Amino acid sequence: MTWTDPFSDSRSRLALLSQSADSWALFLDIDGTLLDIAERPELVQVPPALIGDLERVSASLGGALALVSGRAIKWIDHAFHPLRLPVGGQQGSEIRLVKDGPVLTSAVVNLDGVRARLRPLDGVDGIEIEDKGLAIAVHYRQAHDRAASAKARIASVLARLEAGIEAIPGRLVYEIKPRAVSKGTAIARLADSPAFSRRIPVFFGDDHTDEYGFREVLARGGIAVQVGPAQAPPGCLWIESPSETRRWLAGLFAHATESAGA
């Protein structure tokens, strides 16, 4: 059986999480999974209620909740302030294994050659370069009716990369990162750390770069959840949008807050 179920069945399976908090570890992608995609990366909005829900769920899971994203950890900490959760950033190039802990660098490659080749594309045909330091995202969300042309232009520039560097196509974006790391390697490191170990991993993601994470949690006997319009890969559950992810989180362990208040 493959879990490419309709949302209602996926939701019923995920409802099991609230019944066994000691057994699960939760990993969440950000853009397209927790937050709605915006036309420009800097325009995404973090609903205030989401921060409180993440804090509550993290506490209910004994700290076994992490964000795993292409975003830099510095950006994540600012966007989700005052939370400083365990996190894998820049496609696994940097990681924080414990809440409020130090940020560790997982892999470094020299991206200067890629930067030089991409520079003439910035601002052309709706293309936007997001240089995060250890990884680079090349967005073409603003290309609109020129998306195919923009994608072809980017792909041509990225056709031959230096050893140790790869470009992963996503939803209106190319993610350029070290080959040695991915969201899967970030989840693996987090899953083996004390707060997450001996728990069943659950990962929500929406894009091609999240498939590394899906494979990692499924290999560990966990649950992978595809969010959004793309078809769920084999073995994955599916829910329809970031708003559904947020709604699910809002209800998860809500009884813990009510019991504390009582």
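The values are calculated or read from the model by the stated rules, or taken from the named source; none is laboratory data. All figures in this text were calculated on a predicted structure; none of them were measured in a lab. Every residue, glycine among them, receives a Cβ derived from its backbone with ideal geometry; neighbour counts consider all protein chains shown.
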Exactly one of (1) more than 30 Å from residue 198 (Cβ to Cβ); (2) touching a residue at least 24 places away in the same chain (Cβ under 8 Å); (3) in contact with a Leu (Cβ under 7 Å, 6 or more places away or on another chain) is unmet by residue 55. Its number?
(1)
Counted residues in the range 180-210 being surrounded by fewer than 24 Cβ atoms within 10 Å (Cβ to Cβ), under 29 Å from residue 147 (Cα atoms) and at pLDDT 95 or above come to 1
